[in-house]
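The values are calculated or read from the model by the stated rules, or taken from the named source; none is laboratory data. Bear in mind the structure is a predicted one, so any value in this text is a computation, not a measurement. A quick note on method: Cβ atoms are made from the backbone with ideal geometry, for glycine too, and the neighbour counts reach across all protein chains shown. Just the protein is used for accessible areas: all its heavy atoms, side chains included, with ligands, DNA and RNA removed. Shrake-Rupley method; radii C 1.70, N 1.55, O 1.52, S 1.80 Å.
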Amino acid sequence: MKVVAINGSPNKEGNTFHALNMVGSELKASGIEFEILHIGHKMIHGCTACRKCAVTRDEKCNIKTDDLNKWIQQIKEFDGIIIGSPVYYSGIPGTMKSFLDRLFFVSGSNGGLFRHKVAAAIVAVRRTGGSSTLDSLNHYLTYSEMIVVTSNYWNVIHGATAGEVDKDTEGKQIMRVLGKNMAWLLRMKEATVDAIEPPKKEKKEYTNFIR
């Protein structure tokens with residue numbers, strides 16, 4: 001089994017990277033492959049709401065100026081997905097937000113490419129804004145019917161300079177427990193694939209509040 005972690009920080013080896021590796025260490029200890037995809041330093045266009053991905057349904061975004069379409073095909077092959085982000089003004093950085101908006105818009109427009117994949121979100125923050133950023137990240141996972149992994153507290157770790165998260169002993173434990181729980185859920189899903197039939201996907205109902 002394989003897990004991909006999305007590093008949404010512009011810093012390739014900053015605290016988001018270190019936190020993702022803490023989770024990854026537990027996954028690898030359970031025999032699960034783990035790799036990090038760094039996108040936080042890329043030039044990624046925001047979603048233009050053209051909705052062409054819902055028309056073509058070819059698992060592609062209509063914007064071709066970045067590598068999102070290549071990443072979609074890579075990510076959908078993984079059994080588990082972790083989305084990791086630093087905190088900018090108590091929220092998700094713009095590049096990561098643009099990436100997630102388009103990634104999940106294409107996924108949802110193509111029958112739910114990530115539906116029932118095991119997923120988690122983590123946040124690295126200097127001081128405050130961790131909970132609000134984590135909440136925003138989880139919106140993508142829960143809307144997509146992903147199996148969301150929990151830890152023994154919010155998945156937030158603290159540090160300023162790169163590597164300083166290693167001093168946050170509670171944060172490190174949160175990442176360890178998250179990794180162990182994710183490995184367990186992946187193994188359970190693998191073990192029951194032929195024994196328990198997953199629920200069938202329902203057609204989405206839309207209710208507009210202004211008529």
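Rounded to the nearest percent, how much of the accessible area of the range 53-211 (1.4 Å probe, protein heavy atoms only) is carbon and sulfur? Don't jump to the answer; show the numbers that get you there.
Working: 4790 of 9160 Å².
Answer for the range 53-211 is 52 percent, counting heavy atoms of protein chains only.
Using the alpha carbons alone, the radius of gyration of the range 72-180 stands to its Kirkwood radius in an Rg to Rh ratio of 0.98.
Taking the range 1-140 as the region of interest, the number of lysine pairs whose Cα atoms are within less than 14 Å, with members eight or more places apart or on different chains, is 12.
Tell me the relative contact order for the range 100-160 as a rounded percent, counting alpha carbon contacts under 8 Å between residues six or more apart. Write down the numbers at each step before the final one.
Values: 69 pairs, mean separation 26.3, N = 61.
Once divided by the residue count of the range 100-160, the mean separation gives 43 percent.
Average 1/r across all pairs of distinct alpha carbons in the chain, invert it, and you get the Kirkwood radius: 17.6 Å.
Given a 1.4 angstrom probe, what's the average accessible area per residue across the chain, in square angstrom? Kindly include the intermediate steps, with their values, before the conclusion.
Values: 11680 Å² over 211 residues.
Ligands and nucleic acids excluded, the result is 55 Å² per residue.
In the chain, the calculated helix contribution to ellipticity at 222 nm averages -12500 deg cm²/dmol per residue, counting -39,500 (n - 2.57) for every DSSP H run with n ≥ 4.
Normalised by the residues of the chain, what does the relative contact order come to in percent, with Cα pairs under 8 Å and at least six apart?
On the way: 380 pairs, mean separation 50.0, N = 211.
For the chain, the relative contact order is 24 percent.
With coordinates expressed along the principal axes, the C-alpha atoms belonging to the range 16-100 extend over 42, 33, 17 Å, beginning with the largest. Placing a label point 7 Å from the Cα of Ala54 along the Cα-to-Cβ direction, the residues of the range 91-120 whose backbone N falls under 15 Å from that point are 102-112.
Rounded to whole numbers, the Karplus 3J(HN,Hα) couplings from phi for the range 75-84 are 5, 5, 7, 8, 7, x, 9, 10, 10, x Hz, using 6.51 cos²θ - 1.76 cosθ + 1.60 with θ = phi - 60°, and x at Gly and Pro.
Against the compact-protein benchmark of 2.2 N^0.38 Å, the Cα-based radius of gyration of the range 116-210 scales to 1.35.
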